[in-house]
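FYI, it's all coordinate maths here, none of it is from the lab. Just so you know, these numbers come straight off a predicted model, no measurement behind them. In this analysis, Cβ positions are derived from the backbone assuming ideal geometry, glycine residues included, and neighbour counts consider all displayed protein chains.
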Amino acid sequence: MATTATEMKTNYPLPTFHYRVEIDGMDPVAFSEVSGLNIEVKPITYKDGLSCIQGAKHMPGMSEAAKLTLKKGVITGDSQLYTWINSIRITTVEKKNITISLMDEKGEAPVVTWKVMNAFPVKMDAPSFNATSNEVAIESLELMADDVKVEYE
């Protein structure tokens, strides 16, 4: 059990609310939620002549594409994400690299960084509108990406 401040700092999990998202070629955007940072491999089942005795063999196959969701509050005049997804309609979509960094307890330095490679938008959801609510308008953007790499500082 950790008893000193230094031991607690190195042995306890970090909270998830100190993070930073950077998208290549875009001004900084404050996202309220990031989800879908998955690394997944599709398994392969191999059956040979002895499978009836030994059973099928399983091994790792190809990597699955990452499916990432970014959510943010709607801000007047901020159309960067809409411009990006709208570029698909004229078949000029630019794939972008995205960096998501989990920051230290002070929110100053990255501790773990997820690097999302060659992401492009596939879906954008407008906020839900409700006249009886006073919630913030949140839009979401779904992305597909080729790969996710994790770096520990």
Using modelled amide H (1.01 Å from N, peptide plane; none on Pro or chain starts), what sits under 5 Å from the amide H of Asp78, excluding residues fewer than 5 places away? none
With only alpha-carbon pairs counted, each pair once and no self-pairs, how large is the Kirkwood hydrodynamic radius of region 82-124 in angstroms? 12.2
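Based on the alpha-carbon gyration tensor of region 59-148 and its eigenvalue square roots a ≥ b ≥ c, which shape applies: rounded if a/c is under 1.5, prolate if not and a/b is larger than b/c, or oblate?
Values: a/c = 1.89, a/b = 1.22, b/c = 1.54.
Oblate, since a/c reaches 1.5 and b/c is not below a/b.
Based on the Cα gyration tensor of the chain, what are the three equivalent ellipsoid semi-axes, each the root of five times an eigenvalue, rounded to whole Å and given largest first?
34, 27, 16
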Residues of region 117-153 with the amide nitrogen closer than 20 Å to a label point 7 Å from the Cα of Ser87, along Cα-to-Cβ, please. 117-125, 140-148
Filter the GluC sites (Glu not before Pro) in region 6-96 to those in DSSP coil with at most 15 other Cβ atoms within 10 Å of their Cβ, and list the result. Glu40, Glu64, Glu94
With θ set to phi - 60° and the Karplus curve 6.51 cos²θ - 1.76 cosθ + 1.60, what are the ³J(HN,Hα) couplings of region 141-147 in order, to the nearest whole Hz, using x for Gly and Pro? 10, 9, 10, 10, 9, 6, 7
Relative contact order as a percentage, the chain, C-alpha pairs under 8 Å and 6+ apart, gives 25
